[in-house]
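Inspection log for the structure reproduced underneath, given as C-alpha cells.
Derivation of every value follows stated rules applied to the coordinates shown; laboratory data play no part. Note that the coordinates shown come from a computational prediction; the quantities given were computed from them, not determined experimentally. Note that each Cβ is placed from the backbone with ideal geometry, even for glycine, and that neighbours are counted across all protein chains shown.
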Amino acid sequence: MARNSHFVSRAPFQDGQSLLHPFPSRTRGPFSCLNPTKAHFHSVPKEATTLDGASYHKPTKHEYQDDVHLKWTSRDNRKGRHTLVVPKQKASQAPRPSSHPQEILKGIWRMVVKYPVWDVSWWVAYIFTWGSIIWCINALFSFLPFVRPNDYFPTESLYGGGITAFIGATVFEVGSVFLMLEAVNEDHSGCFGWAVEQVWEEHEHHEKGANLRMRPDSQACKHHHSNKRTFLSTGDTQSTGKPQTIIEQKSHPAANGPAERTWTWCPTMEELKIHYIHELGFIACLAQMIGATIFWIAGFTALPGILNHMSSGLTVGVYWVPQIVGGSGFIASGALFMIETQSHWYTPAPRALGWWIGLFNLIGGVGFAICPCFGLSSRHWAQYEAALSTFWASWSFLIGSGIQLYESLEKYPVEVDNKSS
C-alpha cells in the first residue's frame, strides 16, 4: 500500500477518544513515498462507538457525501487552521464560507488590527512580510539608477543596496528559523476545533424546532496558538486549568505512540527517520531554511566595506554564487509548498491559499536565482536585468507573504461542497 494513502505515523484523531474517522478514499498525498497531505474526517455518532472507540458504525456512501466533515491538511495542521466542509444544502449549519466577500473583508481587517504574538504561524508570516518590504526597498536602490539616472548618487547602490540586502537576508533567515519551529511543532493528535450546538429557531406557522449549528471552539483547540501567553507552550488545561509550559509533558493513549512534548526546539533522530523525513511540508521548510542560510552569505558580503574590497574572483565565490544556490533553495521550497496543497503533483490547486503562497514564493525564488546570473556580467543590459529581477522578485515575495499573513489569521475557514447538492 502506498504511504500517501494512509497514515503510517502520527495519525490524527486516533487517540481512542475521538469520534472522527477518515474517509478511506479521501486520504491522499501528491507523492506515494511521502505521508498524506490531505484527509477528510467524518463525525461518527457516539452511540455507535465502543468504549475504546475502536469499533464504530461505518457510514454509508450517502452519509459520506451529505454530512458536515472536517478537511485535514498538513499545511492547515501546521498553521493551526480547522477547515470545515459543508454540503450546499446544509450551509445554514455553519458560518458563512470563507470565500464570501464579507469574510474576505474581515480577513483583511484582521491583518490590520490583530497581532497574536503568541502564535508562531503569525510570526512566520509577519517576519517574511517585513523581510519582503525590506527587499522591495533594496530593489529600488538597485533599479532606480537605471530608470532615473539623473537622481543617482554615488553611494546609492553600495550603501543603500548593500545595507538593505544584509538586513533583508537576515530577516529571511530569522523567518526561516520560525518556519522550522512551526514545522516541528505541528499538532500530533488531531484538533477538530469546532463545536456542535442546538439552536431553537422559529419556522413557518410559528412552530419552533431545534437545529444543529457549527461554531468555532477555541477553548478545545490543541494547537500551539491556543495559548495566548506565549507560543512556547500549548493551551492544554487538563489538570490545573492553566496552559502547560515547554518543560511539562502531556500524554495520549498508547494507540498513537509515546507521550508528546508540548514544544519542540529540535526533533530527535528517531522522529526525523520515522515521521519528518516523510513529511512534504517539513521538507519544504527545510529547503527554505537551507536556501535562506546560504543566501545570507551574499547578504553579509554585500555590506559596504566588504563588497567593495573583494577581488573579482572572491566576489563571484562569496557574493554571486550564494545568491544562485540560495535562490534555488527558494525555488524548491515554493514548488514543494505548492505541491503540498495539491492532490497530485501535476494538478494545480488554485482554490487553496497555500497554493498561491507557494506560487508567489516560487516566482520570487526564480527572480533571486537569475539576478546573480545576469550580475556575473559587467555589461549594461545584464546589470539592468539583474536589478529588474530583484525588483519583481521582491514584490512577488511581498504578495506571497501578505497572503500568508491573511492565512495565518483565518483559523476557522469554511468551504461549501457544491458537488453534494
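Would you mind checking the pairs 273/411; 71/106; 90/114 and listing those with alpha carbons more than 28 angstrom apart?
273/411; 90/114
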Taking a virtual spin label 7 Å from the Cα of residue 311 along the C-beta vector, which residues in the stretch 349-384 bring their backbone nitrogen under 11 Å of it?
none
Can you compute the modelled spin-label distance between residue 102 and residue 318, with each label point 7 Å from Cα toward Cβ, in nm?
6.0
Karplus couplings for the stretch 142-157 from phi (6.51 cos²θ - 1.76 cosθ + 1.60, θ = phi - 60°), rounded to Hz, Gly and Pro as x?
7, 9, 4, x, 7, 9, 10, x, 5, 9, 6, 10, x, 9, 4, 6
Give the distance, in whole Å, between the Cα centre of the stretch 400-418 and the Cα centre of the stretch 355-394.
28
Alpha carbon centre of the stretch 299-345 versus the stretch 139-200: separation in Å?
15
Which trypsin sites (Lys or Arg not before Pro) does the stretch 325-421 hold that lie in a coil by DSSP with at most 12 other beta carbons within 10 Å?
351, 379
Can you list residues whose amide H is under 5 Å from residue 42's amide H, if they're 5+ apart or on another chain and H is modeled 1.01 Å from N?
21, 23
